[in-house]
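One structure below.
The values are calculated or read from the model by the stated rules, or taken from the named source; none is laboratory data. Quantities reported herein were computed from a predicted structural model and do not represent experimental measurements. A quick note on method: Cβ atoms are made from the backbone with ideal geometry, for glycine too, and the neighbour counts reach across all protein chains shown. Heads up: the accessible areas ignore ligands, DNA and RNA and are worked out on the full protein's heavy atoms, side chains in. Shrake-Rupley method; radii C 1.70, N 1.55, O 1.52, S 1.80 Å.
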Amino acid sequence: MNKNLNRLPEEYCDLCFSSSIMNWDEAIPLGNGLSGCLIWGDGSPLRFSLDRGDLWDNRPAPETLSGDFNYKKLIEFVKNKDEKAIKEKFEDSWERATPTKIPAGKIEIDYGKNMGNINSCLHLYNGVAEISIDDGTNKSSIKTFLHATNGIGYIHIRGLESIKGIRLKVPEFGTLSEAVDEKNELDGHISKGSLNKLKYPPTEYIENDDITYFIQKTVDDLEYGIFMVQKKVGDNIDIVYYIAANIDGENWIEDAENRILSMLKMGFDKALMEHEEWWKSFWYKSSIDLPNIEYEKMWYLNNYLFGSCSRKNAPPMPLQGVWTADDGQLPPWKGDYHHDLNTQMSYWHYLKANHIEEGESFIDYLWDLVPEARQFAKDFFDAPGLCLPSTTTLDGTPIGGWAMYSYNFTNQIWLCQAFDRHWEYTGDIDFLEKKAYPYLKDTAFCIMQWLVPDSKGKLLLPLSSSPEIHDNNYEAWLTPNSNYDLELLIYLFKTLYKMADILNYEEKDKWEEKLNSLPELAINDNNVLMLSPDESLNESHRHHAHAMAIYPLDLLNYHSGGRDKQIIDETINN
């Protein structure tokens, strides 16, 4: 195709729809790393569903605070095949409303009726959405973006006479009152996953001159609001909005008001120029030229999504990025940080795509949570070193879930690979010495506490699993060591040896000793990587866990032309 490299995504990469979007998870996505917006609806109303990455209800589930919420107790329950006890002690938090990510609210533009097929298009090259509305009688058009650097949202509307109302709307969290029985979370009238279960204080709506906003307090320390200002010029209107919270500073309300007023004064066109300049710089850092245009479009779309929901000095993306569900329910899986596949895969590509700063959001996050990871290693695993729960909140608190995956400490090793890959790609020896090697070393200290030699002297874990084979059934507890766990253990000690050798540390011999004490990978008679020493994969599965020795851990060398190549070929064929 011989297209120029370092180019903006072309028009065929845009995300366009010729009919109204009726579900939040099919909406037009805008984002600037901290805030997100989903545009959807049929005009009655047209919704701008808003989110901010650090809006979390961090109230812990009570069982996570009890004295016997620990790995030793989990081992006991598994050995006794006490599935009921496992669920009550380690998974009840999954059934509770908190902790959870929460949506911010929305701006609704109400045309008073279904406006027929609403045409919408997201231009990837500049992160701007354009919406065309025409029901045969009324015409209206909208141009909107979330500013790439100043955090402000902009909406420019032409054809104001067809609009019946523009309003802010808070999610239906439920309200606290003396009449509410705090012990009875389910009142029989709300679904199990309803936001109503959160029961926050009543929302305070304020109209101050041209500014409209609401303040939503939670029953935690968090307070936040959406601030909106409008400016009419003839039959057009400019709307500027911002999601603010008390974590922004003591005078957060006044600062938010001043911020949107000054941005309104700057004007839509000037703000758009600044916004487009950021996206231009983003796209010029990498590009791709593929003979299959659909693959090429997917590459550009996914890089757009990455640039929209991961930025330096902002929270990294959890399960739904900066686009928390807007359906009246708690977000899917509570919008958590899922460390047995999701966070790792979301950040695999940033180095090769040359989006270093955006990718560092995840590295910074993991490093900042080292104190919490040390505490969890001590409290849950009774071990030195560090380990994060595999399903966590923004602040590293365990969020619950299926115990065999949520509390499997080899997932922590996969997080370690983020540090290893970053060091190898950047060649930053200071990063290796001060962050990457210490992070892997402390992870190893936690895991070594529980590695026990078998009769042949090979190190085994007390519990083993493979995400997310057999889902939440007792069969998910695989015979140690599962290939998933073993592959990660091999990778950990192999990488520590390599790092220690580069840094000229004598303790490299200790890592080599541990590496040599691990059993070999489980491979069946057909030369296929197995799930565990006594079980092969006999069904298609969404997770490649058993085959991570192939990728991303690179423990097998395809180009050797020997047994490794045969194992890789047969595993993929299988």
For this session: Please calculate the 1.4 Å probe accessible area of M448, with all protein chains present, and give it to the nearest 10 Å².
Result: 40
Problem set entry | Rounded to whole Å, sorted largest first: equivalent-ellipsoid semi-axes of region 349-418, Cα gyration tensor | 24, 13, 11
For this session: Can you tell me the order of 104-117, 402-415 when each peptide is scored by its average per-residue count of other Cβ atoms within 10 angstrom, highest first?
Result: 402-415, 104-117
Problem set entry | Nearest-20 debye value, region 260-413 charge dipole, Cβ charges on Lys, Arg, Asp, Glu | 140
Seminar exercise, completed: The ³J(HN,Hα) series, computed from each phi in region 318-330 with the Karplus coefficients 6.51, -1.76 and 1.60 at θ = phi - 60°, rounded to the nearest Hz and given as x for glycine or proline, is x, 4, 9, x, 9, 10, 4, 3, 10, 9, x, 10, 4
For this session: Name the residue farthest towards the positive end of the dipole of region 215-348 from the options N258, G307, W279, assuming +1 on Cβ of Lys and Arg, -1 on Cβ of Asp and Glu, about the Cα centre.
Result: W279
Seminar exercise, completed: With Cα coordinates, the longest principal axis of the chain makes an angle with the long axis of helix 563-573, in degrees rounded to 10, of 40
For this session: Could you list which residues have their amide H under 5 Å from that of V128, counting only those 5 or more apart in sequence or on another chain, with H placed in the peptide plane?
Result: H123
Seminar exercise, completed: Projected onto the charge dipole of region 1-92 (unit charges on the beta-carbon of Lys, Arg, Asp and Glu, signs +1, +1, -1, -1), the Cα from S19, V78, N58 with the largest positive-side position is that of V78
Seminar exercise, completed: Between the Cα axis of helix 293-309 and the main Cα principal axis of the chain, the angle (0 to 90°, nearest 10) is 80
For this session: Add +1 for every Lys or Arg and -1 for every Asp or Glu among the other residues with Cβ under 11 Å from the Cβ of P467, and state the total.
Result: -3
For this session: Order the peptides 318-331, 60-73, 20-33, 482-495 from the highest to the lowest mean number of other Cβ atoms within 10 Å of their residues.
Result: 482-495, 318-331, 20-33, 60-73
Exercise. Got a number for the accessible area of S162? Probe 1.4 Å, square angstrom, nearest 10.
Worked result: 10
Seminar exercise, completed: With +1 on the Cβ of every Lys and Arg and -1 on the Cβ of every Asp and Glu, the dipole magnitude of the chain about its Cα centre, in debye rounded to the nearest 20, is 440
Problem set entry | Square roots of five times the Cα gyration tensor eigenvalues for region 246-381, Å | 28, 26, 16
Problem set entry | Solvent-accessible area of R542 with every protein chain in place, 1.4 Å probe, in Å² to the nearest 10 | 150
Exercise. Quick one: helix 370-381 against the long Cα principal axis of the chain, what's the angle to the nearest 10°, folded into 0 to 90?
Worked result: 50
For this session: Find how many whole Å separate the alpha carbon centroid of region 465-533 from the alpha carbon centroid of region 116-139.
Result: 51
Problem set entry | At q = 0.08, 0.11 Å⁻¹, base-10 log of I(q)/I(0) for the chain (Debye sum, equal scatterers on each alpha carbon) | -0.61, -1.10
Problem set entry | List W450, W56, W423, ordered by accessible area with a 1.4 Å probe, largest first | W450, W423, W56
Exercise. Residue-wise, which Karplus ³J(HN,Hα) couplings in Hz belong to region 521-528, taking 6.51 cos²θ - 1.76 cosθ + 1.60, θ = phi - 60°, and x for glycine or proline?
Worked result: 4, 7, 10, 7, 5, 8, 6, 10
Seminar exercise, completed: Measuring from its Cα centre, region 265-332 shows a charge dipole (+1 at each Lys and Arg Cβ, -1 at each Asp and Glu Cβ) which, in debye to the nearest 20, is 320
